[in-house]
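The next block holds one structure in the form of structure tokens; read it before the comments.
The values are calculated or read from the model by the stated rules, or taken from the named source; none is laboratory data. Values in this document were obtained by computation on a predicted structure and should not be read as measured data. FYI the Cβ positions are ideal-geometry reconstructions off the backbone, even for glycines, and counts take in every protein chain you see.
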Amino acid sequence: MHIVVCGGIVPDPLQTLEPVATAAGPGLKNELLLPAILDPWAGCALHEAAHLAKQCEGSRVWLVSLGPKAKLQQVMMSLAQKAPFELVALDGPAHGFTDAHETAALLAEAIVSIQGLDRGRLLLFGGWESASRGQGVTLQMVGERLGIADQFQGVDRITLRDDGSFEVMERVEGGRHLVSWCTGPPALLGWATGERAEPRNDPQMGMKNMRTIMPALQKATPVSLAAEGLSYHDVRLPLQQRQTRIVKDMPPAEIALEIFDWIAND
Amino acid sequence: MATAIDSRVQEDVLRTLPGDAVRQMQWRFADRYDLQMLVQAVREVARGPVARLVAGGARQTHEWTPAKNALLEEFDSSGITAAFLDAESGGYLAGPKNLALALIAFELAWVDAGAATASLAGCLALSPIHERGTAEQRAHYMSLCAPASPGEVRKPWRGAFCLTEPLPYAGVDTGMLGGKVSIAEWKDGEEPVLQVEKRGRFITNMGFANFVTAAVDSGDPRIAGSCMVILEDGDPGMFDRGSVTRKLVHQLSSTSDPIFSLCVPASRIVGGYTVKDGRIVPNFNHSDIIEAVFARTRVTVALMTSAKLLSAVEPIIRYQRNRFRGAEQIKAGSVRYEQGLQQREDALHRVVDLWAMGEAGAALGFAAARAFDELDPLEKEKDRLQTEAGVRGARAEAKWLKGVWPAAAESLHRPAAVATANNRDKDVLVRYVLADSVAGVLCPAAKLWNTGTGANAMREALSLMGGYGITEDCPGFLTYKWMDAQLEATYEGPESVQRRNLIVTMTNDLFLAQFGVWMVEMRRIAARRPSTGACIVASAMKLWMWALHHLQNSSDADGTKLYHSARQGVTFRLADALCWLLASRQQILDTMELEEKAAANAGEDLQGTVSFMADLCHVQAARAAGEVGRICAELVYGYNRHPVWDDPEHKGCFLGEELEAWEAYAPGITAYALDVIQADGSHPEKAGPCAQCGENSAFQQLRNRLDLCLTGSQLAKDRAARALATVMIPEAPDYPR
Ligand SMILES: Cc1cc2nc3c(=O)[nH]c(=O)nc-3n(C[C@H](O)[C@H](O)[C@H](O)COP(=O)(O)OP(=O)(O)OC[C@H]3O[C@@H](n4cnc5c(N)ncnc54)[C@H](O)[C@@H]3O)c2cc1C
């Protein structure tokens, strides 16, 4: 199995995210100074990829990531300890306001040029959306560019079969799941949360990964995103309301009731 | 369109709290991804399982509970346990480990220092074996302590370090040992069997330790002096873990008062022994081993307290900003709503003080850790050369090393020469004696200053949170941290022990020669970057040097020597003063490093962070100068007797009639003279004629200069305070996760 995971980086969600106008269009206040993490959806994809690779001998996992090199490097310090993978780094801007078409084209190009990748055995993984602007379109476009027709989105589970085919469970409306059979790769899976908890850090694995990750970062291809013809008229955060009350030892049923009342009265 | 809250975004204003990239540059591990990964791994444990335990109330009991015990496995699986080990015993970090352990201590103590203690006490137990053990002892115990590799079914061993004994024995005075070792059986041609009797007090990790490295004295004429022995759970006899210490701090570590009465083979003597004239002579006495061990492990303790100070900044800012939100009268958008307590200058200034102190402590602590990383390989080389030269014993070693002192002192004033095959060995020794003299100061200085002044600063931190500050619910666990800091000031040798160390190491000529070079370096930095307050530090260093020299060569009013190890009122306080300087200096050096590296690191605009850090340096330098000036002035003047009005020789004043007679030669003198005793015996209403500085006029000038150097320091504080009022902080605390 050859699994390529597409994953970008996003600011740590605990940070204050405040849209500001910059010379290069909209951006987030102090974005480059904020700690970054791997996009959580892509993170789920990576953990699933590692799990799957462990089941099939001879598998390889690549992580393709487009972002500012220095930030990518910081993220790798923790990510490299979570799962074994090889990094393909593209050095360029990563924020919620890049053009998904351009990003997809660059990612597809990077995937095509991965040495040793057998596209006939390719499972293309990624998040079904991202935690930056949540456009939810990038991965599909990468798949289209690579000519992958079997695409699944909102995936929570993949189960391999002995004959090389697999079963995919996707989220559909109404809290339901759709189960499909796929005869085999190549296929694209845009992951929802999956079923795997985030693995614990393992510095030993990290050290091993770093032997290939550092050189990959060093030779990260610089890319620029022109965003021609793209303009934003209005940028704002989704309205959120936080009402905090600290209560101790409240039974779950009562909590549920209170939330129900609150929703009902809203 | 996107709203730019501050359209006049000032580029050099602190924009966010310093992130990993900044810390990596300041503390010099930007090029060490092994350490960067270690930090991430430790942080996940600290802010996850450790923080959850604390929040869940695990600190309410001093018993060693299963929940606390589960942390040990977290330490194993995250690489914390193995970080101490060398590669051949299952470790994964290459080279010396001091900086690595320092970072572990810092990250864990950011949340809870008891967890840091629990993880590091194992290293403390292994350290005697690591530093002075025989090759077999090292190989055996280090690999027993390595966590199991994947697929392996084995529980790693854990150790405790047992020096402190029930009163009236070993505490600060490590020589007063009650624990005894004697020979139980010694058959001809066989390994002797030892009987060890040892009681411990306040021994960390005792709740679960599989082995103990214990300090004991000879209780048998056939054993020479003291030693450390390794005791194992399962050795014949009594291995009683003892009653749990009812401690109020570091409750995530296990502490008790064990009792051992065990039979062990003599091969358990740490470092081995030789048999001379029918006596067992341990190769190392317990003091030698303890010196070598504590010299390194105390650095990590120092960093535990500094982590607390720095970790307090974010919760305090959040508290201050949110203080009035939710009140009916305070409308969203109003100044009070937005800024809360940060409207008030004092609230901001006190956070600046706290932050500056935390930065200085961290700078000093990490510098000490790096100093040992530099020293460790040199020490190995030195040991090798020493063996080759056939030099044996501490005295002979000291004499042998003194032989390179002149070359070492000279090397400070010439650019590093290229080592050639011929001078390579000498070069190693020169570098060793220089590094050793610095490390010997930095370690006790960091342990003393970071924990002692840090504990005081934590009290201030708490008071900034009002009543919340002294509750269990205080965000950032500040209440616990305040109390924990007091333990950090106490265990592994309380403040008096560090001071005792310092008064010896700080007067080492090689250290003082380097201190002189540092002084010049501070002036150079000041010329480039006046805003760091480097000039203040240089002036204060000069004042301290003067005071030291003066006190070393002076006596008090009764003719008793001033600088003397028994005169702790003089020596200890000079040591205290030195620490302020070392911390401030290192903080400035770290800021210069940050500036340089940040400039090279295009893409991340850290100019604002650099300027802010420079302002903190300036604030801290002024504070340090105040402390140094005060202490030195008290010592330089304070041991002279104040002139009195009824001195038979009327020293320091004039007699009224005398002045009148002089008036004829020096018209107007009467108007200038203040301290005059009139014919009727009356004199100005004060303690006596004013004291004159006399031979200390040079000191007076230096002190004056130092006071003037404070110019601008409070402007820096105002700037830093303004930055605190606007800096972006995360929406919510990131622990417990
Ligand atoms: C939670 C906890 C964990 C610990 N873990 C360990 C452990 O794992 N292993 C271990 O061996 N020990 C451990 N200790 C013991 C600790 O190291 C000692 O408590 C510490 O060294 C001080 O010894 P003491 O309590 O006997 O104080 P004392 O020796 O009584 O000193 C008290 C005070 O007296 C004054 N004083 C004493 N001597 C001098 C002097 N020469 N000059 C000037 N002033 C002096 C100082 O003010 C000093 O602070 C632990 C302690 C605690 C509380």
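Test A:L63 against the criterion of being out of contact with any helix residue (DSSP H, G or I) (no Cβ under 7 Å at 6 or more places or on another chain) and either touching a residue at least 12 places away in the same chain (Cβ under 8 Å) or surrounded by fewer than 23 Cβ atoms within 10 Å (Cβ to Cβ) (or both), and give yes or no. It would help to see each step written out before you state the result.
Values: out of contact with any helix residue (DSSP H, G or I) (no Cβ under 7 Å at 6 or more places or on another chain): no; either touching a residue at least 12 places away in the same chain (Cβ under 8 Å) or surrounded by fewer than 23 Cβ atoms within 10 Å (Cβ to Cβ) (or both): yes.
So A:L63 does not fit the description; no.
Any residue that is closer than 22 Å to B:R296 by Cβ, touching a Phe, Trp or Tyr at 6+ places or on another chain (Cβ under 9 Å) and within 14 Å of chain A (Cβ to nearest Cβ) - is there at least one of those in region B:65-81?
So far as region B:65-81 goes, yes, one or more of its residues are closer than 22 Å to B:R296 by Cβ, touching a Phe, Trp or Tyr at 6+ places or on another chain (Cβ under 9 Å) and within 14 Å of chain A (Cβ to nearest Cβ).
Take the residues in region B:485-504 that are within 14 Å of B:T297 (Cβ to Cβ) and touching a His at 6+ places or on another chain (Cβ under 9 Å), then tell me which one is nearest to the ligand (Cβ to nearest atom). Steps first, please.
The initial filter retains those residues of region B:485-504 that are within 14 Å of B:T297 (Cβ to Cβ), namely B:488, B:491-493, B:497-498, B:501.
Remaining after also requiring touching a His at 6+ places or on another chain (Cβ under 9 Å): B:488, B:491.
On the way: B:E488: 10, B:Y491: 4 Å.
Of everything passing the filter in region B:485-504, B:Y491 is nearest to the ligand (Cβ to nearest atom).
Could you tell me which of the residues A:K71, A:K54 is at the interface with chain B (Cβ under 10 Å from one of its Cβ atoms) and either free of Cβ contacts under 8 Å to residues at least 24 places away in the same chain or not in a loop (DSSP other than H, G, I, E, B) (or both)? Show your work before the answer.
Numbers: A:K54 fails: at the interface with chain B (Cβ under 10 Å from one of its Cβ atoms).
Step by step, each of A:K71, A:K54 is checked, and only A:K71 is at the interface with chain B (Cβ under 10 Å from one of its Cβ atoms) and either free of Cβ contacts under 8 Å to residues at least 24 places away in the same chain or not in a loop (DSSP other than H, G, I, E, B) (or both).
Of the conditions (1) within 14 Å of chain A (Cβ to nearest Cβ); (2) under 18 Å from A:D202 (Cα atoms); (3) in contact (Cβ under 8 Å) with a residue 12 or more places away in the chain; (4) outside any helix (DSSP H, G or I), B:G95 satisfies every one except a single condition; which number is it?
(2)
Enumerate the pairs (first residue in region B:37-52 and over 24 Å from B:P66 (Cβ atoms); second residue anywhere and assigned to a helix (DSSP H, G or I) and of a type in the set (S, T, Y)) with beta-carbon separation below 6 Å, excluding pairs fewer than 6 apart on the same chain, so at least 6 apart or on different chains.
Matching pairs, first to second residue: B:Q40/A:S78.
How many residues are within 16 Å of the ligand (Cβ to nearest atom) and among the basic types (K, R) if we restrict to region B:452-484?
1
Just to be sure, is B:V520 under 23 Å from B:D436 (Cα atoms) and without any contact (Cβ under 8 Å) to a residue 24 or more places away in the chain? Steps first, answer last, please.
Working: under 23 Å from B:D436 (Cα atoms): yes; without any contact (Cβ under 8 Å) to a residue 24 or more places away in the chain: yes.
Yes; evaluated as a whole, the condition is true for this residue.
Look through B:L103, B:L85 and report the one residue that is surrounded by fewer than 24 Cβ atoms within 10 Å (Cβ to Cβ) and either β-branched (V, I, T) or within 14 Å of another protein chain (Cβ to nearest Cβ) (or both).
Working: B:L103 fails: surrounded by fewer than 24 Cβ atoms within 10 Å (Cβ to Cβ).
Only one candidate passes the filter, namely B:L85.
B:R431 - would you say it is under 30 Å from B:R722 (Cβ atoms), in contact with a helix residue (DSSP H, G or I) (Cβ under 9 Å, 6 or more places away or on another chain) and of a type in the set (K, R)? Explain how you work it out, then say what you get.
Working: under 30 Å from B:R722 (Cβ atoms): no; in contact with a helix residue (DSSP H, G or I) (Cβ under 9 Å, 6 or more places away or on another chain): yes; of a type in the set (K, R): yes.
Taking the combined requirement at face value, the residue does not satisfy it.
Quickly run through region B:576-610 and pick out the residues that are acidic (D, E) and away from every other protein chain (no Cβ under 14 Å). Spell out the reasoning first.
Taking region B:576-610 first, the residues acidic (D, E) are B:576, B:590, B:593, B:595-596, B:604-605.
If the condition is that a residue be acidic (D, E) and away from every other protein chain (no Cβ under 14 Å), then B:D576, B:D590, B:E593, B:E595, B:E596 are the ones that fit.
Given the criterion over 30 Å from B:S555 (Cβ atoms), in the same structural domain as B:V520 (by TED's automatic domain parsing), in a helix (DSSP H, G or I) and at pLDDT 95 or above, identify the matching residue among B:L635, B:L616, B:L578.
Details: B:L635 fails: over 30 Å from B:S555 (Cβ atoms); B:L578 fails: over 30 Å from B:S555 (Cβ atoms).
When all the criteria are applied, what remains is B:L616.
In this structure, is B:A312 in a helix (DSSP H, G or I), surrounded by fewer than 23 Cβ atoms within 10 Å (Cβ to Cβ) and on the phi < 0 side of the Ramachandran plot? First the steps, then the outcome.
Details: in a helix (DSSP H, G or I): yes; surrounded by fewer than 23 Cβ atoms within 10 Å (Cβ to Cβ): no; on the phi < 0 side of the Ramachandran plot: yes.
So B:A312 does not fit the description; no.
With the structure loaded, tell me whether B:A698 is in a helix (DSSP H, G or I), closer than 30 Å to B:L354 by Cα and modelled with pLDDT of 90 or more or whether it fails that test. Steps first, answer last, please.
Values: in a helix (DSSP H, G or I): yes; closer than 30 Å to B:L354 by Cα: no; modelled with pLDDT of 90 or more: yes.
Criteria not met by B:A698.
So, in region B:19-45, exactly how many residues are assigned to a loop (DSSP other than H, G, I, E, B) and at the interface with chain A (Cβ under 9 Å from one of its Cβ atoms)? Show your work before the answer.
From region B:19-45, those assigned to a loop (DSSP other than H, G, I, E, B) are B:19, B:27-32; that's our starting set.
If we keep only those that are at the interface with chain A (Cβ under 9 Å from one of its Cβ atoms) too, we end up with B:19.
Of the residues in that region, 1 qualify.
Identify, from the list B:R318, B:R323, the residue that is in contact (Cβ under 8 Å) with a residue 24 or more places away in the chain and assigned by TED's automatic domain parsing to the domain that holds B:A489.
None of the other options fit; the residue is B:R318.
Considering each of B:V111, B:V153 in turn, give the residue that is more than 16 Å from the ligand (Cβ to nearest atom), more than 21 Å from the chain's Cα centre (by Cα) and more than 14 Å from chain A (Cβ to nearest Cβ). Step through it out loud before you land on a result.
Numbers: B:V111 fails: more than 21 Å from the chain's Cα centre (by Cα).
Within the list B:V111, B:V153, the selection yields B:V153.
When you look at B:Q714, is it surrounded by fewer than 20 Cβ atoms within 10 Å (Cβ to Cβ), in a helix (DSSP H, G or I) and without any contact (Cβ under 8 Å) to a residue 60 or more places away in the chain, yes or no? Outline the logic, then answer.
Details: surrounded by fewer than 20 Cβ atoms within 10 Å (Cβ to Cβ): yes; in a helix (DSSP H, G or I): yes; without any contact (Cβ under 8 Å) to a residue 60 or more places away in the chain: no.
It is false that B:Q714 is surrounded by fewer than 20 Cβ atoms within 10 Å (Cβ to Cβ), in a helix (DSSP H, G or I) and without any contact (Cβ under 8 Å) to a residue 60 or more places away in the chain.
What residue, of B:G171, B:G179, B:G189, is more than 27 Å from A:G206 (Cα to Cα), within 16 Å of the ligand (Cβ to nearest atom) and more than 20 Å from the chain's Cα centre (by Cα)? First the steps, then the outcome.
Values: B:G171 fails: more than 20 Å from the chain's Cα centre (by Cα); B:G189 fails: within 16 Å of the ligand (Cβ to nearest atom).
On inspection, the qualifying residue turns out to be B:G179.
Among the residues of region B:192-206, which ones are within 12 Å of the ligand (Cβ to nearest atom), over 19 Å from B:V301 (Cβ atoms) and surrounded by fewer than 24 Cβ atoms within 10 Å (Cβ to Cβ)?
Answer for region B:192-206, where residues must be within 12 Å of the ligand (Cβ to nearest atom), over 19 Å from B:V301 (Cβ atoms) and surrounded by fewer than 24 Cβ atoms within 10 Å (Cβ to Cβ): just B:R199.
Which pairs do you get when a residue that is under 29 Å from B:G493 (Cα atoms) and part of a loop (DSSP other than H, G, I, E, B), found in region B:142-164, comes within reach of a residue that is within 16 Å of the ligand (Cβ to nearest atom) and of a type in the set (K, R), reach meaning Cβ atoms under 7 angstrom, with the pair 6+ apart or on two chains?
Going by the 7 Å Cβ cut-off, the qualifying pairs are B:T164/B:R201.
Residues to consider are A:D39, A:D12; find the one that is closer than 22 Å to A:A192 by Cβ and crowded, with 24+ Cβ neighbours inside 10 Å. Even if it seems obvious, please write down each step before you answer.
On the way: A:D12 fails: crowded, with 24+ Cβ neighbours inside 10 Å.
Exactly one of A:D39, A:D12 is closer than 22 Å to A:A192 by Cβ and crowded, with 24+ Cβ neighbours inside 10 Å, namely A:D39.
Taking the conditions exactly as written (of a type outside the set (F, W, Y), modelled with pLDDT of 95 or more and within 11 Å of the ligand (Cβ to nearest atom)), does B:P221 satisfy them or not?
Values: of a type outside the set (F, W, Y): yes; modelled with pLDDT of 95 or more: yes; within 11 Å of the ligand (Cβ to nearest atom): no.
Spelling it out, it is not the case that B:P221 is of a type outside the set (F, W, Y), modelled with pLDDT of 95 or more and within 11 Å of the ligand (Cβ to nearest atom).
Could you tell me whether region B:255-273 includes any residue that is in the same structural domain as B:E191 (by TED's automatic domain parsing), without any contact (Cβ under 8 Å) to a residue 24 or more places away in the chain and touching a strand residue (DSSP E or B) at 6+ places or on another chain (Cβ under 6 Å)? Lay out the reasoning, then the answer.
Initially, region B:255-273 is screened for residues in the same structural domain as B:E191 (by TED's automatic domain parsing), giving B:255-273.
Remaining after also requiring without any contact (Cβ under 8 Å) to a residue 24 or more places away in the chain: none.
No, because not a single residue in region B:255-273 is in the same structural domain as B:E191 (by TED's automatic domain parsing), without any contact (Cβ under 8 Å) to a residue 24 or more places away in the chain and touching a strand residue (DSSP E or B) at 6+ places or on another chain (Cβ under 6 Å).
What do you reckon, is A:T98 more than 12 Å from every other protein chain (Cβ to nearest Cβ), outside any strand (DSSP E or B) and not basic (K, R)?
Answer is yes for this residue.
Condition (residue is within 14 Å of the ligand (Cβ to nearest atom), modelled with pLDDT of 95 or more, more than 14 Å from chain A (Cβ to nearest Cβ) and crowded, with 18+ Cβ neighbours inside 10 Å) applied to region B:264-271: is it met by at least one residue?
To start, the set of residues in region B:264-271 that are within 14 Å of the ligand (Cβ to nearest atom) comprises none.
Within region B:264-271, not a single residue is within 14 Å of the ligand (Cβ to nearest atom), modelled with pLDDT of 95 or more, more than 14 Å from chain A (Cβ to nearest Cβ) and crowded, with 18+ Cβ neighbours inside 10 Å.
Filter region B:130-150 down to the residues that are among the hydrophobic types (A, V, I, L, M, F, W, C) and surrounded by 15 or more Cβ atoms within 10 Å (Cβ to Cβ), then identify the one that is farthest from the ligand (Cβ to nearest atom).
Of all residues in region B:130-150, those among the hydrophobic types (A, V, I, L, M, F, W, C) come to B:135, B:139, B:142, B:144-146, B:148.
Still in the list and also surrounded by 15 or more Cβ atoms within 10 Å (Cβ to Cβ): B:139, B:142, B:144-146.
On the way: B:A139: 24, B:M142: 19, B:L144: 19, B:C145: 16, B:A146: 21 Å.
Residue satisfying both the conditions and the ranking: B:A139.
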